[in-house]
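*Asks:* Before I ask anything, here is the structure I am working with.
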Amino acid sequence: MSDARYSRQTRVHGIGARGQAALASSTVLVIGVGALGTHSANSLARAGVGTLWLCDRDIVDLSNLQRQTLFEERDAQEGTPKAIAAARALSRANSAIAVEPFVAHCGPDFLASLPQQPDLVLDGTDNFATRYVINDWCKQRGVPWIYAGAVGAEGAAMVVTPDGPCLRCLWPEPPAAHAIGTCETIGVLEPVIAAVTAFQSAEVIKWLAGQRDAVTKGVFTCDVWRGNYSVVRTAQQSDPSCPACAKKSFPALDAREPHAAVLCGRDAVQIDPPRRAALDLDALHGSLQGVVGDLSRTQHYVAFAADGVGIRVFASGRALLFGMHDLLRARALYDRWIGGGA
């Protein structure tokens, strides 16, 4: 480890040589290497976290470059998988650490296949379905993780420790994407990404350096447009009705993985998520007005075009994506525009 590289960081109270050595021996899994994931992974790579695992199923698109800081125009032109492009950039920034990309969908099967248990998991996803998989897996394994989300000019983040309240304690069930808005429907500012991931990265460094008492308790929230920044204090004990914390039941790990398949003889993919309730097609149609092309509502489905793909969504949640055959890309587009389980 180069003393010069981290000299300004080790001078900070609470880190020192011992804390820096702890960072160097740690493994962090970053799930989702988009706006949130590129910011936080960049910060941790430069801080000297010894091993970074990057999981993302999507490819770089031109629209990503406004806020996803590890990518360049060439990555978008070539359609490079985000995990690969991010790993290359981080290795150039710090050749002394190990960066391993996983071009994969983060579900229970992927997490079970990891070579070892990470020291901490960072949420860089853009959908709540995956966040609840992360929450349940980390609670089951006793792994700390840090939730983060941002849309428009607002963001939030929270440290979830093995012995504290989890995401289900605050929100028992994941909301559907069209009910809360997404980057695609209401946009997002890069500064809110920077604010939320600054909180995330600081909490990671404190935790891994052994400064557990300094870890923030509560939910960090911000609105960079109005200039509001605060920490909302939450209960320090888990909800006694929480299935994960109190009952040791992990619904997201037990749920059937969404079925994705290329349709035979057609340039199309079908996504069939394990929904229990009908999708509100009217609400979905309303949320997409003005942000997608060729939007229409029939008796049976909502149809629209986005990201160069024609999409038809049925009330069961099943969707057909035309003009593609990449299953990982199809799942990413489903979560981006429909959400709630794929």
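We did not get these values from a lab; they are worked out from the coordinates using the rules stated. Model, not experiment: these values are computed from the prediction. All Cβ positions, even for glycine, are placed from backbone atoms using ideal geometry, and neighbour counts span all protein chains on display.
*Asks:* Give me the compactness ratio for the chain, meaning the Cα radius of gyration over 2.2 N^0.38 Å.
*Replies:* Cα-based Rg divided by the globular estimate yields 0.98.
*Asks:* In what sequence do 225, 137, 337 fall when counting other Cβ within 10 Å, fewest first?
*Replies:* Sorted ascending by nearby Cβ count, the order is 225, 137, 337.
*Asks:* Count the lysine pairs in the chain whose Cα atoms sit under 19 Å apart, keeping only pairs 8 or more residues apart in sequence or on different chains.
*Replies:* So the count works out to 4.
*Asks:* Another question, if that's okay. Starting with the highest mean, order 305-312, 143-150 by the number of other Cβ atoms within 10 Å, averaged over the residues of each peptide.
*Replies:* The packing order, highest mean first, is 143-150, 305-312.
*Asks:* Rounded to the nearest 500, what is the 222 nm mean residue ellipticity of the chain from helices alone, with -39500 (n - 2.57) per DSSP H run of 4+ residues and division by all residues?
*Replies:* The per-residue figure over the chain is -9500 deg cm²/dmol.
*Asks:* Quick one: compute the contact order of the chain, relative version, from alpha carbon pairs under 8 angstrom and 6+ residues apart, as a percent.
*Replies:* 16
*Asks:* Which percent, nearest 5, of DSSP beta bridges in the range 7-252 are antiparallel?
*Replies:* Antiparallel bridges make up about 50 percent of those DSSP assigns within the range 7-252.
*Asks:* Over the chain, with a Gaussian network built from C-alpha contacts below 10 Å, which listed residue (221, 80, 125) shows the highest mean-square fluctuation?
*Replies:* Highest fluctuation of the listed residues: 80.
*Asks:* Over the chain, with a Gaussian network built from C-alpha contacts below 10 Å, which listed residue (114, 288, 90) shows the highest mean-square fluctuation?
*Replies:* Most flexible of the set in this elastic network: 114.
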